[in-house]
Amino acid sequence: MKEQKATADDAQPSSSPASFFSEERIVLIIAIISGFLTPFDGSATNIALPFISGEFHMDAVSLSWVATAYLLASALVIVPFGKIADIHGRKKVFLAGLSIFTLASLLMTMVPSTPALIGMRVIQGAGSGMIFGTAVAILTSVVPKQRRGRALGIYITSVYLGLTLGPPLGGVLTQYFGWRSIFLVNVPIGVAAVLLIIWKLKGEWADCPTERLDRAGSLIYAVGLVAMMYGFSQLPSVTGGALIAVGLVTISAFIWYERRVPTPVLDMRLFVENRVFLFSNLAALINYSATFAVTFLLSLDLQYTKGFTPEHAGLILVAQAFMMMIVSPVAGRLSDRIEPRVVASIGMGCTALGLGLFSLFLTESTPLWSILSILMLLGVGAGLFSSPNTNAIMSSVDRRFYGVASGMNGTMRLLGQMLSMGIASMIFAIVIGRVEIVPALYPQFVISVHDTFILFTILCVVGIYASYARGNTH
């Protein structure tokens, strides 16, 4: 195994320079493909939601579970499989996750009912969690520290490229070939990436081969996470509140237990003794909690209240992701030179401003130029935040924690995304109720969107403090 090879802590790679750079390029290409694939799927699916709702007659809350089921499954596996990757090899877990995601995408084209649809999204999400729990860890293992910000910037650019192309291509595919065609597109891309890994990626990275997986801790973590997130989707009912309470108690028990086992699935010292790691992950959680549902909300708003086709709605939503794609590599390079907390905090501030503008000005009569301008501001904010924040997280830990750190970074992203969808679902349930959105309910829908953006703005303002309070990494 190449456990000592091309790590971020090495001044020089252990292999020859030519061999090293060849491997670095291969890993970056594979990371770019995988980084594109899952966000493309998610953003394209958001555009297709009204058509999925029409075929299966789903209410607003059930429709949100098309995204939430995927995110929950990803969050359940990403930390345990990050640890498994540290023990048994990051490439093995990455390859397995990519294979599962690709197969589930193929099966998504055949689902006959709402339960089958949600179930297959769970399998897709599990594969996605395995991918994201190891992609950044492999990239960090191979690329030296002095080039890490640049490499992460390129990787995150591929993520934003997926987000950029997802809405317009998803709109075109949905309008002319049906919503199932979105998932069919994943298949050849996934197969190509799997073949490239088998053919070209010969190394393996496992820095904790003598440790064992903490199965009990993984189970406690899963139970707590499911209880919290399912409970959040059931608010404002008493059942929802009870499930959230159970989840909080279980997560507290998980933290207590993990501090007492010799090989925890999540080493709590990373949070207790590492201020940069703690606040960087908190900032990521807040950022994604405040921003992920924006595309979901605007996709519905543009198609329901403003009458745009999926194709046109997708083209409008490109504005945000396009700016992310442009700004992210620049922000990544900046974070190699100046403190990541400065760049990321500016990005969080831009995001808070954009969300605040939506909460004030988004109505049924808001002009298109105004929506596009605010989306572009949100894109700049996200681009300035993501690369530096990821760089800070991965640079703050020893190499033996790369898999866990990558998994935790992904977990904060997924938890934030689920919380974002949970907030939107909760407000829908309170204002609209658990019914299908029809023209008579459009005024209540607009109120729901407005209230959601107010909460997101407040979250992001708090996130500015979390981002800046992390301290220095250079």
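Taking R0 as 56 Å, what FRET efficiency do you get between LYS202 and ALA116 from their Cβ-Cβ distance, rounded to the nearest 0.05?
On the way: r = 39 Å, r/R0 = 0.69.
Once the sixth-power term is evaluated, E becomes 0.90.
Mind jotting down the distance between the C-alpha centroids of segment 55-110 and segment 354-394, whole Å?
Cα centroid of segment 354-394 versus Cα centroid of segment 55-110: 27 Å apart.
Which of CYS208, GLY240, ILE154 sits closest to the plus end of the dipole of segment 145-243, meaning its Cα is farthest towards the positive end, when Lys and Arg get +1 and Asp and Glu get -1 on the C-beta?
ILE154
Kindly express, to the nearest 10 degrees and within the range 0 to 90, the angle between helix 402-431's C-alpha long axis and the longest C-alpha principal axis of the chain.
Here the helix axis deviates by roughly 10 degrees.
Suppose every K and R has +1 on its Cβ and every D and E has -1 on its Cβ; what is the size of the dipole of segment 207-294 about the Cα centre, in Debye to the nearest 20?
Details: 6 positive and 6 negative charges, 30 e Å.
For this selection, approximately 140 debye.
Would you be so kind as to identify which of SER299, ILE326, LEU372 lies farthest towards the positive end of the dipole of segment 267-378, taking Lys and Arg as +1 and Asp and Glu as -1 on Cβ and the Cα centre as origin?
Selected residue: ILE326.
With the crude spin-label approximation of a point 7 Å out along Cα→Cβ, what separation in nm comes out for VAL261 versus ASP59?
3.8
What angle, in degrees between 0 and 90 and rounded to the nearest 10, separates the Cα long axis of helix 215-234 from the longest principal axis of the Cα atoms of the chain?
Taking the Cα atoms of the chain, the angle to 215-234 is about 20 degrees.
Sort 286-294, 401-409, 436-444 for me by packing, meaning the mean count of neighbouring Cβ atoms within 10 Å per residue, highest on top.
Working: 286-294: 25.8, 401-409: 27.8, 436-444: 13.2.
Per-residue mean Cβ counts within 10 Å order the peptides as 401-409, 286-294, 436-444.
State the number of lysine pairs found in the chain whose Cα atoms come within less than 17 Å, restricting to pairs 8 or more positions apart or on distinct chains.
15
Within the chain, which is the longest segment that contains none of the trypsin sites (Lys or Arg not before Pro) sitting in a DSSP loop with at most 13 other Cβ atoms within 10 Å? Intermediate results must be reported in sequence, preceding the final value.
Working: sites that count: LYS202, ARG212, ARG259, ARG260, ARG434.
The reported range is 1-201.
Which of (1) 137; (2) 255; (3) 122 is the computed volume of the Cα convex hull per residue in Å³ for the structure on display?
(3)
Evaluate E = 1/(1 + (r/R0)^6) for LEU107 and SER252, where r is the Cβ-Cβ distance and R0 equals 51 Å; express this FRET efficiency to the nearest 0.05. Write out the running numbers ahead of the final one.
Working: r = 37 Å, r/R0 = 0.73.
For LEU107 and SER252, the calculated efficiency is 0.85.
All of the numbers you see were taken from the coordinates with simple rules; none came from a lab. Here the structure is a predicted model, which means the values were calculated and not measured. Cβ sites come from the backbone with ideal geometry, for glycine too, and all protein chains shown count toward neighbours.
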